Every structure is written in structure tokens, then in C-alpha cells.
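Report on the structure given below.
The values are calculated or read from the model by the stated rules, or taken from the named source; none is laboratory data. Here the structure is a predicted model, which is why all the values come from computation and not from measurement. Here Cβ is always computed from backbone atoms with ideal geometry, including for glycine, and neighbour counts include all displayed protein chains.
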Amino acid sequence: MSGKKRNTAASLKRVGSDMKKVDAYVLTKEDYDEIPELTDGWFKRADLYKGEKLIRRGRPPSANPKQSTSLRLDPDVVAYFRRSGRGWQSRINAALRKAAKLPKEKRKKA
């Protein structure tokens, strides 16, 4: 399994969208009237600056970021962890830390 998401009938049904109906929709003048005008004022508010410094939004960079890697695992091992739901990759990481006798990763409280 490549891990890439596919637009299958089942996945579209989960979204609750009929993509054929969406694709067939023709925009009218009234639809365009709902779109706000992008003025200079709008663009000035798009980025937040404190003096000359751009203030980053979103999740702050981690002090100890994870390293992306490619790892080949047996299909039954991957299936076992995926069955446990969201966070399965973190649980594999925890199992590898335990097997390597590394200390448990400390999580910061939000």
C-alpha cells in the first residue's frame, strides 16, 4: 500500500459530496457577488507584523522535531498498529523506543 489517498466512491461517500454534481455546477453572477473584494487593506491584514518582523502563525516549530524516514515493515505489523486507530505511527515509535531501552519521550502539556 503506497499510503496515497485515493478518490474512491467510498471515500467520496464519507465526505458526503457528490463530486459529479459539484463539477457540473455553473457559477452565476450571484455566486461571484458573494466573494469579497481583495483590497489593499485585506492584503495588509493577511500577514501579521510586529514592527518589521513577520509573526509566524500556526504550530510553532518543535525544539526536538521528528525525523522522517522510510522503513519496511511486515504487512501484519503495520495492520496491527493501524487497527488501533489514530496515532499508530506514534505507537510504533514508542514500541521501538522500548525495544531499544531508550527513556520514554516526555510530552509537553499544552
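Data table
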{"quantity": "Of all residues making up the range 71-102, the number that are loosely packed, with under 10 Cβ neighbours inside 10 Å, under 21 Å from the mean Cα position of the chain (by Cα) and over 25 Å from ARG59 (Cβ atoms)", "calculated": "1"}
{"quantity": "Test: residue in the range 44-67 that is in a loop (DSSP other than H, G, I, E, B), at pLDDT 90 or above and surrounded by fewer than 10 Cβ atoms within 10 Å (Cβ to Cβ)", "calculated": "yes"}
{"quantity": "Sole residue being of a type in the set (Asp, Glu), modelled with pLDDT under 95, part of a loop (DSSP other than H, G, I, E, B) and surrounded by 10 or more Cβ atoms within 10 Å (Cβ to Cβ), chosen from GLU37, GLU105", "calculated": "GLU105"}
